[in-house]
1. State whether one or more residues within the stretch 117-137 are more than 29 Å from Ser2 (Cα to Cα), surrounded by fewer than 19 Cβ atoms within 10 Å (Cβ to Cβ) and basic (Lys, Arg).
2. Of the conditions (1) free of Cβ contacts under 8 Å to residues at least 60 places away in the same chain; (2) hydroxyl-bearing (Ser, Thr, Tyr); (3) within 18 Å of Lys388 (Cα to Cα), Tyr320 clears all except one; give me its number.
3. Keeping to the stretch 277-289, report how many residues are open to solvent by less than 10 Å² (accessible area, probe 1.4 Å) and either hydrophobic (A, V, I, L, M, F, W, C) or over 19 Å from Asn204 (Cβ atoms) (or both).
4. Is the stretch 44-52 home to any residue that is open to solvent by 70 Å² or more (accessible area, probe 1.4 Å), out of contact with any Phe, Trp or Tyr (no Cβ under 6 Å at 6 or more places or on another chain) and either of a type in the set (Ser, Thr, Tyr) or at pLDDT below 95 (or both)?
5. Return the residue satisfying two criteria in turn: it lies in the stretch 55-99 and is closer than 24 Å to Glu145 by Cα and assigned to a loop (DSSP other than H, G, I, E, B), and of such residues it is least open to solvent (accessible area, probe 1.4 Å).
6. Among the residues of the stretch 333-341, is any under 18 Å from Leu213 (Cβ atoms), open to solvent by less than 60 Å² (accessible area, probe 1.4 Å), of a type outside the set (Val, Ile, Thr) and in contact (Cβ under 8 Å) with a residue 12 or more places away in the chain?
7. Got at least one residue in the stretch 16-39 being within 25 Å of Asn148 (Cβ to Cβ), of a type in the set (Lys, Arg) and outside any loop (DSSP other than H, G, I, E, B)?
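The values are calculated or read from the model by the stated rules, or taken from the named source; none is laboratory data. A quick note: this is a predicted structure, and the numbers were derived from the prediction, not measured. Here Cβ is always computed from backbone atoms with ideal geometry, including for glycine, and neighbour counts include all displayed protein chains. These area figures cover heavy atoms from the full protein model, side chains too; ligands, DNA and RNA do not enter into them. Shrake-Rupley method; radii C 1.70, N 1.55, O 1.52, S 1.80 Å.
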Amino acid sequence: MSKIIELINKNKNHIIDIKSIKDNSNYIKSIVNKLNKEKIIIISWIKNIWKTQIIWEMIKKTKIESKFFYFNHNLDNENIIKNDIDLKNMINIEVNFNKNIKYIFLQNISKIENIKDLIIYLYKSDFKVILIWNDIKIPNIEEIEIKNNVNDDIEKDIIYWNLWKTYYLNNTNFKKEYINLIKDNILLNQIFCLKSVKNINLYNLIITKLAFLEKDISLREFHRDIEKVNNISLVTMMDYIDFSIQEKIIKRIEFFDFKTNNIKVNKSRYYFCDNWFRNCLINFSLSRQLLLENIVFVLLNYNNYDIYTWINWVFEINFYAKKDKQEIIVHISKQKDINNIKKEIRKLQKIRWDIKKYLIIEKETKYNLKETTFGEVEMVTIEELIKKFRTSF
């Protein structure tokens, strides 16, 4: 009994000690609205990114400090909670002590034996429950993804992203070391341990190859590339990619065919949900063009667009995105010469006239242009596109 009480207090102190330096009002509002309608919701996103901070901020703003129970299985170093019965008993101990508890927050609990039985029990109870994890999809349960947005300091975001602790590290080497430690922690806990990956080196090879990838590719094509270095079955490779998707490290986007108005799944492109993860996999040496493309994906993803890639004959467009009835095309120009940029504009103009199109160019290039808007095609810098998303979309 004393061990369980110590663990209860350890969890409570852990969440109370969390500090948040971001404005999470939109996420808190979304969580509260969904929790008012549903008995259980899921909060997900990559490990170490804001999820627990948002929960504590929500607890304070809704003034339920005396009405919640929080348990994070990662804090159970002595493995006191082994199964659903153990966790149920722990909840009951706290509820018997504090009759006001109405909210149950459970984090990283997917490895607890028979955890689904506990979830069913909680669903039938009077509690409101938030599950903080990426690992298990539950039919008909609302899921809220906590995503990172792009900051104003785009040059730092492209390379290091906006992991908040990096702001306190002025030394570049310390910053890189910290980011690599976070990456290793995520891979160790969320991939190697949680998913029971048997071959760590093979997983690292696959995720690093994906970081370099800058084209649409089929799984079989990618498998052939991997087999040039290491033998691995297609099924295992697909599992490793799926693990990365489940843990919100990467996302797969499909090819959209405007001619048939259908999604083609024979080839896909992979983007990382945070730039820092992709860049640190290859020692912070990824090309600016690829990092810029990834950060545009992050921007579209944060704004809840369905994102696709598309090729018009031989003209490859970075992103076709849609949300509700809104559709946009975002293409990143590799050109510096004005005449070549104008050729890209004409190619974009030939695509459906009723879609707004943004052609991203560098600041230095834009300074030499007299016009920046050509019908539905608008030339913008990445900074200008970020501002448009904040004010218009």
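1. Yes, that holds for at least one residue.
2. Against the list (1) free of Cβ contacts under 8 Å to residues at least 60 places away in the same chain; (2) hydroxyl-bearing (Ser, Thr, Tyr); (3) within 18 Å of Lys388 (Cα to Cα), Tyr320 comes up short only on (1).
3. 2
4. yes
5. Ile64
6. no
7. Checking the stretch 16-39: at least one residue is within 25 Å of Asn148 (Cβ to Cβ), of a type in the set (Lys, Arg) and outside any loop (DSSP other than H, G, I, E, B).
Quick grid of which residues meet (1) open to solvent by 40 Å² or more (accessible area, probe 1.4 Å); (2) modelled with pLDDT of 85 or more:
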{"site": "Asn140", "(1), (2)": "yes, no"}
{"site": "Val150", "(1), (2)": "no, no"}
{"site": "Glu155", "(1), (2)": "yes, no"}
{"site": "Ile159", "(1), (2)": "yes, no"}
{"site": "Tyr167", "(1), (2)": "yes, no"}
{"site": "Ile186", "(1), (2)": "no, yes"}
{"site": "Asn189", "(1), (2)": "yes, yes"}
{"site": "Asn204", "(1), (2)": "yes, yes"}
{"site": "Ala211", "(1), (2)": "no, yes"}
